[in-house]
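Remarks on the structure that follows.
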Amino acid sequence: MSTRVEQVTDVVAYHGEGPVWSPQWGGLRWVDMLAGDVLSLGSDGSIERRHVSKVAAALRPRRAGGAVIGIERGFALEDADGRIRPLEEVWTDPSVRMNEGGCDPDGRFYCGSMAYDQRPGAASLYRLDPDGSVHVALRDLTVSNGLEWSPDGTVAYHNDTATYEIAVYAYDGEKGLRDRRLLAALEHRPDGLTVDAEGGVWTALSDGGAVRRYTPDGKLDAVIELPVRKVTACTFGGAALDELFITTSREGLEPGDDPRAGALFRAVPGVRGRPAREFAG
């Protein structure tokens, strides 16, 4: 598969991550994670930047308007009027931060953590329920990363980047994530992921300069190559949900290295995505 990739923005992020398309936002948002900023793409190509916390790890739309946001050591809510309300910290250890997440079919928001030094086993996957309670969904992770559910909501795909694997969990609203198995073993580090309307799993390669699509049975069937090495996440957007937006990072690069890293890219891969699942709180 050969798909043309278009650069949508200039280099606008140090560590671009977590793109999400929502009509209630008027289009695409993503994060400049370590700057603590949420970026919005205007219909005219303009970029709006809003600082929300020390770290802006991941976000999803709220059914009531606004957004739920993973911040350095917990969660925050953006109200429909734009006001940001940080919730109580989930932990106090300053060596660990939130990293990436998503919403389940029951309207609960998950965000996974990682140690700044990426030490093994320091991370967990946390679940924020609509009533504001927080629960641990998975423990003993290292770099909890991309998370998304199948179109029918019966399984979830999750990347713990340090394992070089895409994992699959059976999902039940009461029992949560269980019965981990392997979807695919990779030679590159899997980062953010999304799932298309056909059930294909798209994962960014943070050290591989590409986005890959795997079928639900783990077969690699598409590769989109990018002109930068550090590819972080992807999501479907556009009015028809047929455009794949891809974020990239400059984290750890010297000035002048990989000059397009930190820009937002777009491809039209020939499949459609699904509307972003929303937080019910």
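Summed over the stretch 19-37, the residues that are of a type in the set (A, V, I, L, M, F, W, C) and either open to solvent by less than 10 Å² (accessible area, probe 1.4 Å) or more than 18 Å from the chain's Cα centre (by Cα) (or both) give a count of 5. Scan the stretch 116-130 for residues that are in a strand (DSSP E or B) and either open to solvent by 30 Å² or more (accessible area, probe 1.4 Å) or on the phi > 0 side of the Ramachandran plot (or both) and the total you get is 2. Kindly establish whether G16 is open to solvent by less than 40 Å² (accessible area, probe 1.4 Å), of a type in the set (G, A, S) and within 15 Å of the chain's Cα centre (by Cα). Yes; evaluated as a whole, the condition is true for this residue. Return yes when P61 is under 17 Å from R277 (Cα atoms) and in contact with a helix residue (DSSP H, G or I) (Cβ under 7 Å, 6 or more places away or on another chain) and no when it is not. Against the criterion (under 17 Å from R277 (Cα atoms) and in contact with a helix residue (DSSP H, G or I) (Cβ under 7 Å, 6 or more places away or on another chain)), P61 qualifies.
When P269, P227 are checked against the criterion of being surrounded by 19 or more Cβ atoms within 10 Å (Cβ to Cβ), more than 17 Å from the chain's Cα centre (by Cα), in a loop (DSSP other than H, G, I, E, B) and in contact (Cβ under 8 Å) with a residue 60 or more places away in the chain, a single residue qualifies: P269. Look at the stretch 233-245: where a residue is within 21 Å of N99 (Cβ to Cβ) and a partner is assigned to a loop (DSSP other than H, G, I, E, B) and modelled with pLDDT of 95 or more, sitting 6+ places away or on another chain with Cβ atoms under 9 Å, you get T235/G273; T235/A276; F245/V8; F245/G238; F245/L264.
Taken over the stretch 91-119, the criterion of being in contact with an Asp or Glu (Cβ under 8 Å, 6 or more places away or on another chain), touching a residue at least 60 places away in the same chain (Cβ under 8 Å) and under 17 Å from A56 (Cα atoms) is satisfied by E100, G102, C103.
If you go through the stretch 160-175 and keep only what is open to solvent by 10 Å² or more (accessible area, probe 1.4 Å) and in contact with a strand residue (DSSP E or B) (Cβ under 6 Å, 6 or more places away or on another chain), you end up with D160, A162, E165, Y169, A170, Y171.
Here G209 meets each of (1) on the phi > 0 side of the Ramachandran plot; (2) open to solvent by 40 Å² or more (accessible area, probe 1.4 Å); (3) not basic (K, R) with one exception, condition (2). Within the stretch 230-249, the only residue that satisfies the criterion of being assigned to a loop (DSSP other than H, G, I, E, B) and crowded, with 22+ Cβ neighbours inside 10 Å is K230.
The values are calculated or read from the model by the stated rules, or taken from the named source; none is laboratory data. Please read these numbers as outputs of a predicted model, since none were measured by experiment. Because the Cβ atoms are built from the backbone with ideal geometry, glycine has one as well, and the counts that use them run over all protein chains shown. We work out accessible area using only protein heavy atoms, side chains counted, and drop any ligands, DNA or RNA first. Shrake-Rupley method; radii C 1.70, N 1.55, O 1.52, S 1.80 Å.
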